[in-house]
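Trainee: One structure follows; several queries about it will come next.
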């Protein structure tokens, strides 16, 4: 992850991040997808200077053009950060 911005708001520390590597491969069929848009994934991390930390990770979403599979839109995977759909990072 690359930290692009940071802020303290209320009782939270917010870190805004983007993945360093790009992973445009569809997990269902293994083909490269087309860039569709970006979404923000929020992950709660350990406190920094006594404030709970929220990582705002901006990940890409892709469209898979392979009509043989039901997966049409998939999100860039971030396995080093957290499990899929997890709200806390790997530690």
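The values are calculated or read from the model by the stated rules, or taken from the named source; none is laboratory data. This structure is a prediction, so every number in the text was calculated from the model and none was measured. Cβ: placed from backbone, ideal geometry, glycine included. Neighbour counts: every protein chain shown.
Trainee: With respect to residue 11, determine if the residue is over 22 Å from residue 90 (Cβ atoms), loosely packed, with under 12 Cβ neighbours inside 10 Å, touching a residue at least 40 places away in the same chain (Cβ under 8 Å) and more than 18 Å from the chain's Cα centre (by Cα).
Mentor: yes
Trainee: Taking residue 34 as the residue in question, decide whether it is surrounded by fewer than 16 Cβ atoms within 10 Å (Cβ to Cβ), out of contact with any helix residue (DSSP H, G or I) (no Cβ under 8 Å at 6 or more places or on another chain) and at pLDDT below 90.
Mentor: When the stated conditions are applied, residue 34 does not pass them.
Trainee: Return the residue satisfying two criteria in turn: it lies in segment 62-73 and is touching a strand residue (DSSP E or B) at 6+ places or on another chain (Cβ under 8 Å) and either surrounded by fewer than 16 Cβ atoms within 10 Å (Cβ to Cβ) or at pLDDT below 90 (or both), and of such residues it is farthest from residue 2 (Cα to Cα).
Mentor: It comes out as 65.
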